[in-house]
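Read the structure below first, then the notes.
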Amino acid sequence: MSTPGPRSLAEALRLRDDASLSELLRARPDLITPVPTDLTQLATRAGTRASVVRALERLDRFAQQTAQALAVAGDPASYGELLGLMTGDRGDPAVAAALPRALGTLRAQALVWGDDERLRLVRTARELLAPSAQHPSPTGLGPTVQEATAGMSPGRVQEIVAKAGLASTHDSVSAVVALTGLFSDRSRMAALLAEAPAESREVLDRLVWGPPYGQVTADPAPRLRWLLDRGLLLPTAPGTVVLPREVALHLRAGRAHRATEPMPPALEATATHRPQVVDATAAGQAYTALATVEELLKDWDEGGPAVLRAGGLSVRDLKRTAVALDVAEPVAAFWVELAYAAGLLASDGEADERFAATPAHDEWLQQPAELRWTRLAEAWLTATRTAGLVGGRDAKDRTLSALGPNLDRSAAPEVRHRVLTLLAGLPEGTAPSTESVLARLAWERPQRREDDLRARLARWTLSEAELLGITGRGALSAHGRALLGAPAPTARAAESSGPGDKLPVHHTPVVVEPLSPAEQAVASAAAARLLAPLLPEPLDHVLLQADLTAVAPGPLQRPLADMLGVLADVESKGGATVYRFTPGSVRRALDAGQTAADLHAFLTAHSRTPVPQPLAYLIDDVARKHGHLRVGAASAYVRCDDDALLNEIMADKRAAALRLRRLAPTVLATQADPAALLEGLRAMGFAPAAESAEGDVLITRADAHRTPPRTPPEPVPDGPPAPDATLLAAAIRAIRAGDLAATTPRKPTAAPLAGGDLPRTSSAETLATMQAAVLTGEALWIGYVNAEGSASQRVIAPIRVEGGFVTAYDHTADEVRTYPLHRVTGVAELADEA
């Protein structure tokens, strides 16, 4: 005699082992937030609409098709019926081979339960996937004959039965059963359709794959009348007819779907390159990424653009930043958001709020290049802020701005990780086509919404990974692979092929789980070790030219780059950077506290060519004039020992806007602030220096403005986080203990007092039983009297016993609590299952 199967999802879960429950809770972490008290509550939670929708959306296409087929099958359905819906009358070996895997996925995620003879889709999933007038089935099938004739008059049902060639019955129920049997019988149905006019068959052919609904007039055409008379089309509302499910399945040869997709589409290789070329290209782009972020932050060193009232960067400031970085605006938005995600820039929080570099930026600049890159790459991998949305519109039709609100998309980290994992599974040096990557992602996680955010995220991932240097020429680099923690590839692309080659790449899929913080630190260190030899070695020299320029033939060491950035302006970038010396740039160095002698010594020490005479003259000439005028605060004043120079300023028409007046032969005053006065005088061609209240020259530095310490923005989680092994073990132990308490009687260790419901044990027995339960992980019944004298019974799982207290997970309260042992009246073990 066969063992009866489970009668409910809760019973099916009760039959699972701990490994199977762990798999369920890992796949659907929302089920343990908070931890259910028992398996019945777990089953109830697994059937809620929000949880089922989330689980269905995370299935691959074939698993979804399997669930859709079960939704239109009988309830319960046999494995044979399901196989017939998936393969049709002709069969499909590939589908038949893949079906056990898909069904196993549905069972593992508690969307299907029961044995192969009685497969049941959870009720909520059936309601979501089964066809109805409100939402058509994804299969394109309509309602059954029984559902479609529910509101039809008995006389009309008998007319249809007679026209279909069936014997009349005494009631509508048996008539509908007979009609259903006819439509489900392949041979009789084929004979009936053989009599159909060709025009009527054309109508059926248009409806067979969905949508199954059509419109008719009050006086249908003969081709429609023939179908309506025989029930091959059934009315659902005035002017609307539907193709019954049984008829559609016959026309489809038993298949629930027009095309089943048991296997994921193969990735197409657009080109293959030698791995060394890929790594070198990616390393070059990684260096460019570092230089771009440094340039951005240098541009914002003394206070960047103002923060909009609604938050974020204005369109005008984004355009200005794009021009300064010499990139397109979407790319500029990416670099700005990346620096923000890495914690290198933020708003300063002042009354006149502006964006600026953070103190972490200065620490970042002092690190080796490879470590600076890994920080940017880690921030990008985990960030939920999505730069690709900048310039679009939110739900309220407001423009989305860089560094502004509403840019978080919780799916972004998962999509980035999955795209890079797909690249990691290809032979080394292989670049896949974008469309094949999108097709693969669409199979792994089909989207039913019109706006496929995941496809856009995947496109952005491919382009951003190239910008950041994780990929090179479209292929994953060695340091990018290490950053993911992916295993070394099994095949290498030894020869390069042109971009016109598009061949399917057959490979063993690589499964790379997201890394924990500790694992990511190890992976990042490995990536840095691989990247370091590929980055250009910083240089300690430049080549000075007679035309007041300096050529840096490569990246410069940090102190040299910082000083040269103050002393000269960048004129062009590329393989070599060209700096130009101007009076303004030399004055900037003098404002920073340098003297003419310091600048001459600096250039002599770091130039491989002699210091040109024009440059030496420029430095001496600017230094001679620098500080001759002194600007302080009155609102502001100008003082100079040379009253003739002050007379020249007063006579200059360009000084009218400053509204200067003479207080003394050597002092001028104005209502303008010192900064405006400095800018005005410099615009007139003078070289004033700011001074303090004590008369000392103020030294200005490029990094003078920093925000207070800021933490990087926290990613927005995509639902509850996946539980780790420790949490899973504790949750399963608590669920089983609560289920045992709910389904089995108590077996006290000592007889309770007559007429009392609370367990009664001595203090020594209570302590010994508690300590034993900590070691075994068993749950206990306890009697407990609180401070108000109220007695209660509780089921607890002791965690720790010390200092006269027991800390335990209380299944009654669904939380961890601490109880004084002297208030525990007694303990009782839970009885074993029979």
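Looking at Ala253 and the list (1) touching a strand residue (DSSP E or B) at 6+ places or on another chain (Cβ under 6 Å); (2) in a loop (DSSP other than H, G, I, E, B); (3) among the aliphatic types (A, V, I, L, M), which single condition is not satisfied?
(1)
Do we have Ala527 as part of a strand (DSSP E or B) and touching a residue at least 40 places away in the same chain (Cβ under 8 Å) here?
Details: part of a strand (DSSP E or B): no; touching a residue at least 40 places away in the same chain (Cβ under 8 Å): yes.
So Ala527 does not fit the description; no.
Here's a check for you: in the stretch 257-280, which residue that is assigned to a helix (DSSP H, G or I) and more than 27 Å from the chain's Cα centre (by Cα) is nearest to Leu371 (Cα to Cα)?
By that ranking, first place goes to Ala280.
Within the stretch 153-166, can one find any residue that is in contact with a Gly (Cβ under 9 Å, 6 or more places away or on another chain), surrounded by fewer than 17 Cβ atoms within 10 Å (Cβ to Cβ) and at negative phi?
Looking for residues that are in contact with a Gly (Cβ under 9 Å, 6 or more places away or on another chain), surrounded by fewer than 17 Cβ atoms within 10 Å (Cβ to Cβ) and at negative phi, one finds at least one in the stretch 153-166, hence yes.
Go over the candidates Arg49, Arg61 one by one and state the one that is surrounded by fewer than 17 Cβ atoms within 10 Å (Cβ to Cβ), among the basic types (Lys, Arg) and on the phi < 0 side of the Ramachandran plot.
Sole residue among the options that is surrounded by fewer than 17 Cβ atoms within 10 Å (Cβ to Cβ), among the basic types (Lys, Arg) and on the phi < 0 side of the Ramachandran plot: Arg49.
Quick check on Pro138: is it at pLDDT below 90, surrounded by fewer than 16 Cβ atoms within 10 Å (Cβ to Cβ) and not assigned by TED's automatic domain parsing to the domain that holds Ala19? Talk me through it step by step, then tell me what you get.
Numbers: at pLDDT below 90: yes; surrounded by fewer than 16 Cβ atoms within 10 Å (Cβ to Cβ): no; not assigned by TED's automatic domain parsing to the domain that holds Ala19: yes.
So Pro138 does not fit the description; no.
Quick grid of which residues meet (1) small (Gly, Ala, Ser); (2) closer than 30 Å to Pro555 by Cβ; (3) free of Cβ contacts under 8 Å to residues at least 40 places away in the same chain:
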| position | (1), (2), (3) |
| --- | --- |
| Glu202 | no, no, yes |
| Ala218 | yes, no, yes |
| Ala221 | yes, no, yes |
| Leu233 | no, no, yes |
| Arg255 | no, no, no |
| Ala259 | yes, no, yes |
| Thr270 | no, no, no |
| Ala286 | yes, yes, no |
| Leu290 | no, yes, no |
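For the stretch 307-421, which helices (runs of 4 or more DSSP H) that fit wholly inside it have 3 or more residues that are of a type in the set (D, E, K, R)? Before you say what the answer is, go through the steps one by one.
Numbers: elements: 315-325, 329-341, 359-365, 369-382.
Correct list: 315-325, 369-382.
Pull up the stretch 64-106, narrow it to residues that are among the polar types (S, T, N, Q) and buried (at least 18 other Cβ atoms within 10 Å of the Cβ), then point me to the one that is farthest from the chain's Cα centre (by Cα).
Across the stretch 64-106, the extreme among qualifying residues is Thr87.
So if I check each of Thr105, Thr169, which one is at pLDDT 90 or above and either touching a Leu at 6+ places or on another chain (Cβ under 9 Å) or not in a strand (DSSP E or B) (or both)?
Criteria check complete, one pass: Thr105.
Within the stretch 69-90, identify whether any single residue is touching a helix residue (DSSP H, G or I) at 6+ places or on another chain (Cβ under 6 Å), under 30 Å from Ile735 (Cβ atoms) and of a type in the set (Ser, Thr, Tyr), and answer yes or no.
no
Take the residues of the stretch 565-604 that are surrounded by fewer than 16 Cβ atoms within 10 Å (Cβ to Cβ), among the small types (Gly, Ala, Ser) and over 50 Å from the mean Cα position of the chain (by Cα): which is nearest to Glu295 (Cα to Cα)?
Ala601
For every residue, the table says whether it meets (1) buried (at least 21 other Cβ atoms within 10 Å of the Cβ); (2) in contact with a helix residue (DSSP H, G or I) (Cβ under 6 Å, 6 or more places away or on another chain); (3) not assigned by TED's automatic domain parsing to the domain that holds Ser572.
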site: Gly311; (1), (2), (3): no, no, yes
site: Arg316; (1), (2), (3): no, no, yes
site: Thr321; (1), (2), (3): yes, yes, yes
site: Ala328; (1), (2), (3): no, no, yes
site: Glu337; (1), (2), (3): yes, yes, yes
site: Ala346; (1), (2), (3): yes, no, yes
site: Ala356; (1), (2), (3): yes, no, yes
site: Thr384; (1), (2), (3): no, yes, yes
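The values are calculated or read from the model by the stated rules, or taken from the named source; none is laboratory data. Everything quoted here is computed from the prediction, not taken from an experiment. Cβ sites come from the backbone with ideal geometry, for glycine too, and all protein chains shown count toward neighbours.
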